[in-house]
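Chemist: Okay, handing you the structure first.
Bear in mind these aren't lab numbers, they're just calculated from the coordinates by the rules spelled out. Keep in mind the model is a prediction, meaning the values are calculated, not measured. Here the Cβ positions follow ideal geometry from the backbone for every residue, glycine too, while neighbour counts run over all protein chains shown.
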Amino acid sequence: MCGIVGYIGGGNVKKVLLDGLKELEYRGYDSAGLAVLQGGRISSFKAVGKLVNLVNKTASFEPNGFAAGIAHTRWATHGKPTEINAHPHQGEHSFVVHNGIIENYAALKDDLIKKGARFISQTDTEAIVHLYEFFLRKEKDAKAAFGRTVEAIEGAYAILLIDENLPNMIFFAKKGSPLQIGRAQDATFFASSDAPLIGLCEEAIYLNDGCWGWANEEENRIFEGAVAVEYAPKPLPATQNSAQKEGFRFFMEKEIYEQTRVIGDTLMGRIENDAVLLDELPEGFLEGVETLRLCACGTSYHAALAASYIFERTAKIETRCEIASEFRYRDPVLKSNELFIAISQSGETADTLEALKKAKLARQKTLAVCNVDNSSIVREADAAILTRAGIEKGVASTKAFATQVMALWLLALRIGKAAMGADVYKREINAIRRVPAALAVRSERHEQIRRLSRRYLHGHGFFFIGRDLFYPLALEGALKLKEISYLHAEGYPAGEMKHGPIALADDKLFTIALMPGTMLYDKMRSNVEELIARDSTLLVISPRRFDAADDFLPIDERDHPLIEFYEMMIAIQLLALEIAVRLGNDVDMPRNLAKSVTVE
Ligand code: AGP
């Protein structure tokens, strides 16, 4: 998720911009840049990778006195994470930073190139600055030109633009991506979230969609269409940390709620004209691949296991799953026609990295599915599919899991398109398109989980049970609960309960049963009834009412198992969260755990 900072004032503009970008690092990025207008001249700097690279590039740049500046951290969606694609983007005399997606950029770009504009980046953003300069040549008035630019672009955006010929002025526009304005010490501050403003301003104006305007030394003018508007400022959160949680109690809670949005980032540019594109895979990369071996740890292993059902059922390709710490010391038979896929949120997990190296030593083709570009695992693999979940601060992984499963589902369609046939392919893409909506947390369901969680605080343990695709989800639900509640829980294949574990059944054994309507419902029902008959305490998650259970969490009737999978995933994540909250645990930083296990 990109970040934006802007400033007009007589203070240290470079410090304000760089400090602001620092406060936005938590959103994830792969490049950064800034541009400062002072004395009728714009100085611009851009750098790939971490923010420190931009700090080093601007080390000798020391603007002083009144200035206007804009800055940006970029999370690549259109165009690779390169310096040319980093923001700000420039025209002949103006510079722009932008969050969001300009949906009609291709048509705008073609038209502007015909009119003589010279594009140098692969991004949608660059069209904004050339469009502004085009309208300026026609309108001869910058404010009118910017207004027409905003009218002409479609999609989601938060924009800051400066023009060399307009000293100490910043144009802004907002639609679908957040943008706030703060005023203090005779200066104006802009940011795409609260964090960069805290400590500089007491309050901020939160722009509505469709707003645009300009700020200079004397005034901030805001318009909705052609109508000038005024907004009452609101108080800012007290600390950066609370700001970064954006109103949620924990980062984990925020990350559960943002899954509906970040899955859209995972999909961005990867489904076009009803076909899956994974242009990060080199030409011919999948040729000769006859089997897959997925390898990971923890939650990432659960994503791999879930994906293995998709690969075999839908893509018809033989697939193995490996726990990395086991794989490393086994003597597996590794063939050259097998694609080894390392799945990792951090890209730094030692076991997964070493397993990947083992596969490479065996001369296997390797692919990383990872959330952190330029991480060790991404660099080690022959190719990488980035999950684009943004930085995941909660140690207990949530959005990373959701986006890993999605990235692997896309890969299954990419690999198995011919094997599955046109109808199945179309059905799968149609289902994928409905996942973002299915991931939206319903407040009434969250409240129901919060209420019933008080009944699950003790007992001698939990079973999470499921079948097929829902068995890996049961494993994930058990891991989430263990990690943050410190209560014992295990995920189990529902059909296996009668082969021993049912001996534990009594009223203190809590069983969470995942009962999808789209597969094996009757089989699950008989497993659940066996447990109820022995007085186990049952929480059933299903689209079909199940009155015999002690607790019932509804999900919607669906026509595809993976949409049920994602809806149930939300429920098990929230259940773990609310139980941990009641137990008073540190949800974001559970005891004994690290976000990335870089040791054996
Ligand atoms: C997940 O909630 C845990 N924090 C842990 O199991 C994690 O998934 C595992 O350590 C793998 O990490 P990775 O995805 O960064 O490789």
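Chemist: Mind checking which aspartates and glutamates have their C-alpha under 17 Å from residue 335, skipping anything on the same chain fewer than 8 residues away?
Modeler: 287, 290, 318, 322, 382
Chemist: Turning to a different aspect of this structure: Once you have the Cα-Cα distance between residue 242 and residue 422, take 0.36 nm times their residue separation minus that, and quote the gain in nm to one decimal.
Modeler: Contour length minus the Cα-Cα distance gives 60.0 nm.
Chemist: Give me the percent of DSSP beta bridges within the chain that run antiparallel, rounded to the nearest 5.
Modeler: Once the DSSP bridges in the chain are tallied, antiparallel ones form about 60 percent.
Chemist: Let me ask something else about it. Show the residues, 5+ positions off or on another chain, whose built amide H is closer than 5 Å to the amide H of residue 341.
Modeler: Counting only residues 5 or more places away or on other chains, the set is 293, 294, 295, 367.
Chemist: For region 324-346 and region 102-129, what is the centre-to-centre distance using only Cα atoms, to the nearest Å?
Modeler: Their Cα centres are 43 Å away from one another.
Chemist: Measuring from centroid to centroid over Cα atoms, what is the spacing of region 136-170 and region 187-258 in Å?
Modeler: For region 136-170 versus region 187-258, the Cα centre distance is 21 Å.
Chemist: Rg to Rh ratio, region 327-464, alpha-carbon atoms and Kirkwood radius?
Modeler: Values: Rg = 18.9 Å, Rh = 17.8 Å.
Using only Cα positions, Rg/Rh for region 327-464 is 1.06.
Chemist: Each residue of region 496-505 in order: what ³J(HN,Hα) in whole Hz does its phi give by Karplus 6.51 cos²θ - 1.76 cosθ + 1.60, θ = phi - 60°, with x for Gly and Pro?
Modeler: Karplus-based 3J(HN,Hα) across region 496-505 equals 8, 4, 6, 9, x, x, 5, 5, 7, 5 Hz.
Chemist: Follow-up question, since we're still on this one. Put +1 on the Cβ of each Lys and Arg and -1 on the Cβ of each Asp and Glu in region 115-267; which of 267, 196, 173 then has its Cα farthest toward the positive end of the dipole?
Modeler: 267
Chemist: Quick check: pseudo-label points 7 Å beyond the Cα along Cα→Cβ at residue 486 and residue 530, how many nm apart are they?
Modeler: According to this spin-label approximation, the distance is 3.4 nm.
Chemist: Another question about this same structure. In the structure shown, do any of 316/595; 22/393; 365/399 have a Cα-Cα gap over 24 Å, and if so which?
Modeler: Details: 316/595 34 Å; 22/393 15 Å; 365/399 27 Å.
In this structure, 316/595; 365/399 lie more than 24 Å apart at Cα.
Chemist: Pick out, in residue order, every one of the GluC sites (Glu not before Pro) in region 215-300 that is DSSP loop and has at most 14 other C-beta atoms within 10 Å; say none if there are none. Please list the in-between numbers first.
Modeler: Working: sites: 217, 218, 219, 224, 230, 246, 253, 255, 258, 272, 280, 283, 287, 290; in loops: 217, 218, 219, 230, 246, 258, 280, 283, 287, 290.
Listed in order of number, the matching sites are 218, 219, 230, 280, 283, 287, 290.
Chemist: Give me the log10 of I(q) over I(0) for region 495-600 at q = 0.14, 0.16, 0.17 Å⁻¹, as the Debye formula computes it from C-alpha points; what are the numbers?
Modeler: For region 495-600, the Cα-only Debye profile gives -0.69, -0.84, -0.91.
Chemist: Ordered by residue, what ³J(HN,Hα) values in Hz, to whole numbers, does region 364-380 give under the Karplus form 6.51 cos²θ - 1.76 cosθ + 1.60, where θ = phi - 60° and Gly and Pro are x?
Modeler: 8, 6, 10, 9, 9, 10, 8, 9, 10, 5, 6, 6, 4, 5, 5, 5, 6
Chemist: What are the aspartates and glutamates whose alpha-carbon lies under 15 Å from the alpha-carbon of residue 109, with same-chain residues fewer than 8 places away excluded?
Modeler: Straight-line reach from residue 109, under 15 Å: 124, 126, 133, 154.
Chemist: For residue 42, which sequence-distant residues (separation of 5 or more, or a different chain) have an amide H within less than 5 Å of its own amide H, given hydrogens modelled in the peptide plane?
Modeler: none
Chemist: Limiting things to C-alpha atoms, what are the Rg and the maximum Cα-Cα separation (Dmax) for the chain, in angstroms?
Modeler: In order Rg, Dmax, the Cα atoms of the chain give 25.8, 82 Å.
Chemist: In whole Å, how far is the Cα centre of region 559-585 from that of region 273-301?
Modeler: Cα centroid to Cα centroid, the span is 27 Å.
Chemist: List the extent of the Cα atoms of region 3-90 along each of their three principal axes, largest first, rounded to whole Å.
Modeler: For region 3-90, the Cα extents along the three principal axes come out at 35, 25, 20 Å.
Chemist: For the chain, what is the calculated [θ] at 222 nm in deg cm²/dmol (nearest 500), taking -39500 (n - 2.57) for each run of four or more DSSP H residues and dividing by its residue count?
Modeler: After summing the helix terms and dividing by the residues of the chain, the value is -11000 deg cm²/dmol.
Chemist: Give the relative contact order (percent, whole number) for region 266-418; include only Cα pairs under 8 Å separated by 6+ residues.
Modeler: With pairs under 8 Å counted, the relative contact order is 27 percent.
Chemist: Compute the angle between helix 126-139 and the longest alpha-carbon principal axis of the chain, please, reported from 0 to 90 degrees and rounded to the nearest 10.
Modeler: Roughly 30 degrees between the two axes.
Chemist: State to the nearest 20 debye the size of the charge dipole of the chain about its Cα centre, where the only charges are +1 on K and R beta carbons and -1 on D and E beta carbons. Could you put the intermediate results ahead of the total?
Modeler: Values: 71 positive and 81 negative charges, 110 e Å.
It comes to approximately 520 debye.
Chemist: With angles folded into 0 to 90 degrees, how steeply does helix 350-361 sit against the dominant principal axis of the chain? Use alpha carbons for both and round to 10.
Modeler: 90 degrees
Chemist: If every alpha-carbon in region 91-230 counts as one equal scatterer, what log10 I(q)/I(0) does Debye give at q = 0.11, 0.12, 0.15, 0.17 1/Å?
Modeler: Taking Cα atoms of region 91-230 as identical point scatterers yields -0.39, -0.46, -0.71, -0.91.
Chemist: Moving on. Go through region 508-581 and name the trypsin sites (Lys or Arg not before Pro) that are in a DSSP coil and have 10 or fewer other Cβ atoms within 10 Å of their Cβ.
Modeler: Counting only loop positions with at most 10 other Cβ atoms within 10 Å, the trypsin sites (Lys or Arg not before Pro) in region 508-581 are 545.
Chemist: Moving on. Once you put a point 7 Å from the Cα of residue 285 and another 7 Å from the Cα of residue 429, both along the Cβ direction, what distance in nm separates them?
Modeler: Simple spin-label model gives 2.0 nm for this pair.
Chemist: Amide H of residue 463: which non-local residues (sequence gap of 5 or more, or other chain) have their own amide H closer than 5 Å, using H built in the peptide plane?
Modeler: Result for residue 463 returns 490, 510, 511, 512.
Chemist: Let me ask something else about it. Considering only Cα-Cα distances, which of the following residue pairs are longer than 23 Å: 114/140; 245/480; 80/245; 417/523? Don't skip to the answer; put the middle values down first.
Modeler: Values: 114/140 21 Å; 245/480 20 Å; 80/245 28 Å; 417/523 31 Å.
In this structure, 80/245; 417/523 lie more than 23 Å apart at Cα.
Chemist: In degrees between 0 and 90, to the nearest 10, how far off the longest principal axis of the chain does helix 561-582 point, with axes built from Cα atoms?
Modeler: 90 degrees
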